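For reference, the structure discussed in these notes is given below.
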Amino acid sequence: MRIYVLVYGVDPLRVFVFREGLARFATEEYTGPFKNNLDNLYMHLTNYAINKNSENFEANEDSADDETGSKRSISAVLKYIEEQEKNPKITVDKLWEQIDDIAVKTLISAQP
């Protein structure tokens, strides 16, 4: 996931987390690293520059359709997660709370 965070103040710390971003997917189903698959970059990395060369790469040519392809919008991915998990403990709001928490803790860790 690529989430955009704007730091617009450091004393006090003031942060804006944009509620959209990108989710990139590997083009091969992930399995844990073993000797026989360590060289499979299509499985272990989500970089566009690498995966665009995979035979399984799905380019999304339609800007109105952000629910398909190897690169999707964060909102489409979070919507999918929420629809798949009929679990009241997993909601988009709770996921954004966790993302916000990670962003803030990352920035705090870099402060003197």
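The values are calculated or read from the model by the stated rules, or taken from the named source; none is laboratory data. Note that the structure is predicted; figures quoted are calculated from it, not measured. Counting neighbours? That spans all protein chains shown, and the Cβs are built from the backbone with ideal geometry, glycine included.
Worth pointing out:
- In the range 19-46, the residues that are over 30 Å from ASP93 (Cβ atoms) and loosely packed, with under 13 Cβ neighbours inside 10 Å: THR31, GLY32, PRO33, PHE34, LYS35, ASN36, LEU38, ASP39
- Tallying residues that are in contact with a strand residue (DSSP E or B) (Cβ under 7 Å, 6 or more places away or on another chain) and either of a type in the set (Lys, Arg) or modelled with pLDDT of 75 or more (or both) within the range 65-95 yields 7.
- Taken over the range 26-46, residues that are touching a residue at least 12 places away in the same chain (Cβ under 8 Å) and farther than 20 Å from VAL77 by Cβ amount to 2.
- Count of the range 7-18 residues which are in contact with a strand residue (DSSP E or B) (Cβ under 6 Å, 6 or more places away or on another chain) and loosely packed, with under 11 Cβ neighbours inside 10 Å: 3
- For THR106, the conditions (1) in a helix (DSSP H, G or I); (2) surrounded by fewer than 10 Cβ atoms within 10 Å (Cβ to Cβ) all hold with the exception of (2).
- Taking the range 13-34 as the range and being outside any loop (DSSP other than H, G, I, E, B) and among the hydrophobic types (A, V, I, L, M, F, W, C) as the test, the residues that pass are LEU13, VAL15, PHE16, VAL17, PHE18, LEU22, ALA23.
- Consider the range 83-112 and keep the residues that are in contact (Cβ under 8 Å) with a residue 60 or more places away in the chain and among the aliphatic types (A, V, I, L, M). The one that is nearest to GLU67 (Cα to Cα) is ILE99.
- Criterion (small (Gly, Ala, Ser), under 27 Å from GLU83 (Cα atoms) and without any contact (Cβ under 8 Å) to a residue 24 or more places away in the chain) met by exactly one of ALA49, ALA23, ALA64: ALA64
- Selection count, the range 54-96, where residues are surrounded by fewer than 16 Cβ atoms within 10 Å (Cβ to Cβ) and among the basic types (Lys, Arg): 4
- Screening the candidates GLU28, GLU55 for the property of being of a type in the set (D, E, K, R), over 29 Å from LEU107 (Cβ atoms) and within 17 Å of the chain's Cα centre (by Cα) yields one hit, GLU28.
- Count of the range 82-103 residues, restricted to those that are outside any loop (DSSP other than H, G, I, E, B) and in contact with a helix residue (DSSP H, G or I) (Cβ under 7 Å, 6 or more places away or on another chain), is 3.
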